[in-house]
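K.L.:
Quick one: structure below, then a few questions.
Taken together, the values in this text are just the output of simple stated rules run on the coordinates, not laboratory data. Given the structure is predicted, the values throughout are model-derived calculations rather than measurements. Cβ coordinates were reconstructed from backbone atoms using ideal geometry, including for glycine residues, and neighbour counts include every protein chain displayed.
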Amino acid sequence: MKTHNIWGIFAISPSPQSPPSRGGEVQTSRLDEEMILDQIIETKKEEVMRLKNTTTISALRNTIAGLAPCRDFQAAISGKACSIIAEVKCASPSRGKLVLHFDPLGIAKTYEQNGAAAISVLTDEKYFCGHKTYLTQIKKERKIPVLRKDFIIDPLQIYETRAIGADAVLLIVRVLGQRLKEFIALSKELGLSPLTEVHTQEELETALAAGADIIGINNRNLDTFVTDINVSLILKRQIPADKTVVAESAVRSRADIECLMQADINAFLIGEALVTAPDIGKKLREFLGEIQE
């Protein structure tokens, strides 16, 4: 991929002295002028190599065989005027650490108690300070569907996603390209709901051709990390009515949601605006339109 100049982007990784849970201290260092997505994917390749050294598809299939069926993610985020996929998010490449004292289980509990339709859990460690154990623990304690949000590049990660307890998985068209159809099919075979993420018209066409049922429109440009809510408004017009559409990124207020609802978008993935709010539960209810901002 062609690289572009990115400023203000940080790589974030947990301190080696800190446990993976409860948001230990992090170290931040400025990335060079290489596209952030390229660096993330290179990191993922290394992670997949380590994963292949520690487990196999056969072993993961054995784990999956002992699990209960997945919760219906698509049904959970459909059929309402406003459904929110609330994200458990500690950090981001563009803003660094978002939450000083990160309590993923407490945040997830607050989300469920205040009307979230589903919970998204970031499992990337280096760039988002997430962890797979967060997802497993949240799934055990909460009753609504759980989405694994990460950068999936290898089929083994799909098996792992199901094995750690996720009900849905994020698939990014920009990352997978023509392999998308294979990854969608495998996700469905394992009982997962694939949320297929697009940002451009070309990516949307790829998603539709691959048979995507749930399409997430990312308002964030992965080259520059700049957000523009108009991306959702433009691309929604090209999506068949029988598809479930999710607006991702740049949703910061109830006014943003109402604007998107007028375009027949009724599901929203929200992270930073929630975890950085003084009162997370209140902020979620504001997004849902239950109380005034």
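K.L.:
Could you list all residues from region 224-245 that are more than 11 Å from ALA212 (Cβ to Cβ) and of a type in the set (A, V, I, L, M, F, W, C)? I'd like the intermediate steps shown before the answer.
P.N.:
Restricting attention to region 224-245, the residues satisfying the condition of being more than 11 Å from ALA212 (Cβ to Cβ) are 224-238, 241-242.
Once the filter is applied, which keeps residues that are more than 11 Å from ALA212 (Cβ to Cβ) and of a type in the set (A, V, I, L, M, F, W, C), region 224-245 yields PHE225, VAL226, ILE229, VAL231, LEU233, ILE234, LEU235, ALA241.
K.L.:
Of the residues that make up region 234-257, is at least one in contact (Cβ under 8 Å) with a residue 60 or more places away in the chain, farther than 21 Å from ASP150 by Cα and touching a Ser or Thr at 6+ places or on another chain (Cβ under 9 Å)? Lay out the reasoning, then the answer.
P.N.:
The first filter runs over region 234-257 and keeps only residues in contact (Cβ under 8 Å) with a residue 60 or more places away in the chain, leaving 244, 246, 257.
After this cut, where a residue has to be farther than 21 Å from ASP150 by Cα as well, the list is 257.
With touching a Ser or Thr at 6+ places or on another chain (Cβ under 9 Å) added as a condition, the list becomes none.
No: region 234-257 contains no residue that is in contact (Cβ under 8 Å) with a residue 60 or more places away in the chain, farther than 21 Å from ASP150 by Cα and touching a Ser or Thr at 6+ places or on another chain (Cβ under 9 Å).
K.L.:
Mind telling me which of the residues GLN137, GLN201, GLN157, GLN178 ends up being in contact (Cβ under 8 Å) with a residue 12 or more places away in the chain, among the polar types (S, T, N, Q) and in contact with a Lys or Arg (Cβ under 9 Å, 6 or more places away or on another chain)?
P.N.:
GLN157
K.L.:
While we're here: Report, by residue number, each residue of region 177-218 that is hydrophobic (A, V, I, L, M, F, W, C) and within 24 Å of LEU233 (Cα to Cα).
P.N.:
LEU180, LEU195, VAL198, LEU204, ALA207, LEU208, ALA209, ALA210, ALA212, ILE214, ILE215, ILE217
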